[in-house]
Amino acid sequence: MSHFIKEYIKQIQSKFDTWGATEHTYRITLETLLLGLSSQITVTNEHERIVGVWMPDFTIKSKQDNTIPLGRIEAKDLHISLDEKKNEDQLKRYKDAFDNFIYTNYLTFIFYRNGKRIEIVQLWERTKSWIERKTDNLFDNNIIKLENLLREFLSFQGLTITSPEKLAKAMAQKAQLIKFAIESIFEQWDSSNLELQYEAFKSLLVHDLTKAQFADMYSQTVAYGLFSARLYDPTLPTFSLEES
């Protein structure tokens, strides 16, 4: 049995036994596992940020180049079934937007690559009490399989832009995420600044503009505006959002 996965199982079980654990309780355990499997990465937990409403819980980056994420992970609570319909829209957005993505409830790990599911690994059988100490609920054969897949996930080499088609796809992915972020702000957060811009767009450009249409227009403007700024920046190594 893998030392790293064995310790991960032990810690998950320990936290579960408190009967007060939530989804966030287990995050440090997963983060510790990832850092144990690779010393060349950084792991950022997104849940404290407002954009956590539309971004996956974990962002994995290389220590050598921390500008481009290696992968993303969305983690649900132990009792959440990964097949539940209520998560379908969120899952589709994430697997379509990120080339290297894991969807997990800490017991089961689903790996996606370029929008397609490539593997699913289950550590425990999901029972009414979620986890039991019975050894027959632990799938020993999947432990090494999970470690190998996680190591592969953490060493992922991102998409190399070699054609206009690949560039268009990558930018469309980012624009879709920005669009969903804007829609989420309208629905769940203080959107006074966006409301003012939305009303100005309606007044000056399109009188019957809906908020969904505005989000689509706005996201494309941001995505392609940043691309243009990056393309024509004379100091490429120091390009930043503030500089653009």
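The values are calculated or read from the model by the stated rules, or taken from the named source; none is laboratory data. Here the structure is a predicted model, which means the values were calculated and not measured. Don't worry about glycine lacking a Cβ; one is built from the backbone with ideal geometry, like all the others, and counts go over all protein chains shown. Just the protein is used for accessible areas: all its heavy atoms, side chains included, with ligands, DNA and RNA removed. Shrake-Rupley method; radii C 1.70, N 1.55, O 1.52, S 1.80 Å.
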*For segment 1-46, what is the Kirkwood hydrodynamic radius in Å, using each pair of distinct C-alpha atoms?*
11.3 Å
*asked:* Solvent-accessible area of MET171, probe 1.4 Å, all protein chains present, reported in Å² to the nearest ten, please.
replied: 20 Å²
_What distance in nm lies between label points placed 7 Å from Cα along the C-beta direction at LEU167 and THR25?_
5.0 nm
*Sorting THR32, THR25, THR108 by accessible area (1.4 Å probe), largest first, what list results?*
THR32, THR25, THR108
*For ARG93, solvent-accessible area (1.4 Å; no DNA, RNA or ligand), Å²*: 80 Å²
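On full extension of the chain, what length is gained from GLN213 through ASN114, given 0.36 nm per residue of separation minus the C-alpha to C-alpha distance? Let's see the in-between values first.
Numbers: separation 99, 0.36 × 99 = 35.64 nm, distance 2.69 nm.
Net length gain for the segment: 33.0 nm.
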*Once amide H atoms are built 1.01 Å from N in the peptide plane, which residues 5 or more positions from GLU46, or in another chain, come under 5 Å H to H?*
PHE58, THR59
*Spacing of the two label points (7 Å from each Cα toward its C-beta) at ASN148 and LEU196, in nm*: 5.8 nm
_Just to check I understand the Karplus step: with θ = phi - 60° and J = 6.51 cos²θ - 1.76 cosθ + 1.60, what whole-Hz values come out for segment 195-201, glycine and proline as x?_
4, 4, 5, 4, 5, 5, 4
*Residue order for PHE16, PHE239, PHE156 - accessible surface, 1.4 angstrom probe, largest first*: PHE239, PHE156, PHE16
*asked:* Among the listed pairs LYS61/LYS95; LYS76/LYS166; LYS174/LYS202; LYS145/LYS174; LYS15/LYS145; LYS63/LYS92, which have their C-alpha atoms separated by more than 20 angstrom in this model?
replied: LYS76/LYS166; LYS174/LYS202; LYS145/LYS174; LYS15/LYS145; LYS63/LYS92
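Ordering ILE144, ILE68 by accessible area with a probe of 1.4 Å, largest first, what comes out? Show your work: numbers first, answer last.
Numbers: ILE144 85, ILE68 105 Å².
Ranked list, largest accessible area first: ILE68, ILE144.
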*asked:* Heavy atoms of the protein only, probe of 1.4 Å, neighbouring chains included. What is the accessible area of ASP216 in Å², nearest 10?
replied: 50 Å²
*Distance (nanometres) between label positions extended 7 Å along Cα→Cβ at LYS63 and SER184*: 3.0 nm
